[in-house]
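Quick notes on the structure that follows.
The values are calculated or read from the model by the stated rules, or taken from the named source; none is laboratory data. Fair warning: this is a prediction, and the values are worked out from it, not measured in the lab. Cβ sites come from the backbone with ideal geometry, for glycine too, and all protein chains shown count toward neighbours. Accessible surface is based on the protein model in full, side chains and every heavy atom, while ligands, DNA and RNA are left aside. Shrake-Rupley method; radii C 1.70, N 1.55, O 1.52, S 1.80 Å.
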Amino acid sequence: MGNDEALTRCLLSLAMVIIIVGFSTHSFKKMLVTYFVGLVGISGVLLPDWEFFDRDVSQWTRPVTVDGISPTDVLRRGSTRRSPVVTISAGLKPLDLTEENVETVLLDARAELAQLFDGSVGITGQAELAEVDGPYVKIRLKGKFWHTRSMVLARLENYLKLRIPEILEVDIEDEKMLDDSPANF
């Protein structure tokens, strides 16, 4: 049973318990207490399995990055969510560092990281190869992305490094391309 299904069942069970408590005690306060205790109990059981909460508490205020989740952690938790770490890990052999391979991997990234490049919801963002300089790759970002451009760059960097291990660093061609203001679209 997935976390979403378990959460739905637990919330429905909690609703039934709250109704029973309300009818048997005729107390709205006891219903509210039951509600809050139930929510805390449910979140204490279900939330720690989710990637966001399966980190140190001090890291909860920072967004989850692909670099912060190792492939073994995702596979061990049995995540059903679409994650670049899970989809890349099996079956794809590492490629050599050439311009053609980088361009091919960037095209593959459009499919693997579909939530970054989903054209069906008005996302016009594109990532193109700008330059390969030894083990350093520079890319060019154009258009509008669902996520911040720095997040797109981080996910693309992780994807490229997993597919082409020779890459040491992926950077942006021009720092202005990381500006998320509408003038950049």
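For every residue, the table says whether it meets (1) open to solvent by 70 Å² or more (accessible area, probe 1.4 Å); (2) at pLDDT 70 or above; (3) part of a helix (DSSP H, G or I); (4) hydroxyl-bearing (S, T, Y).
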residue: M1; (1), (2), (3), (4): yes, no, no, no
residue: L14; (1), (2), (3), (4): no, yes, yes, no
residue: G38; (1), (2), (3), (4): no, yes, yes, no
residue: I42; (1), (2), (3), (4): no, yes, yes, no
residue: T61; (1), (2), (3), (4): yes, no, no, yes
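Which of the residues belonging to region 92-108 are open to solvent by less than 90 Å² (accessible area, probe 1.4 Å) and not in a helix (DSSP H, G or I)?
Within region 92-108, L92, P94, L95, L97, T98 qualify.
Filter region 160-185 down to residues that are outside any helix (DSSP H, G or I), of a type in the set (D, E, K, R) and more than 22 Å from the chain's Cα centre (by Cα), then give me how many there are.
3
Using the structure shown, decide if K30 is at pLDDT 60 or above, basic (K, R), loosely packed, with under 14 Cβ neighbours inside 10 Å and more than 14 Å from the chain's Cα centre (by Cα).
In short, no.
If we keep just the residues of region 109-147 that are in a helix (DSSP H, G or I) and buried (at least 16 other Cβ atoms within 10 Å of the Cβ), which is modelled with the highest pLDDT?
Here the answer is A109.
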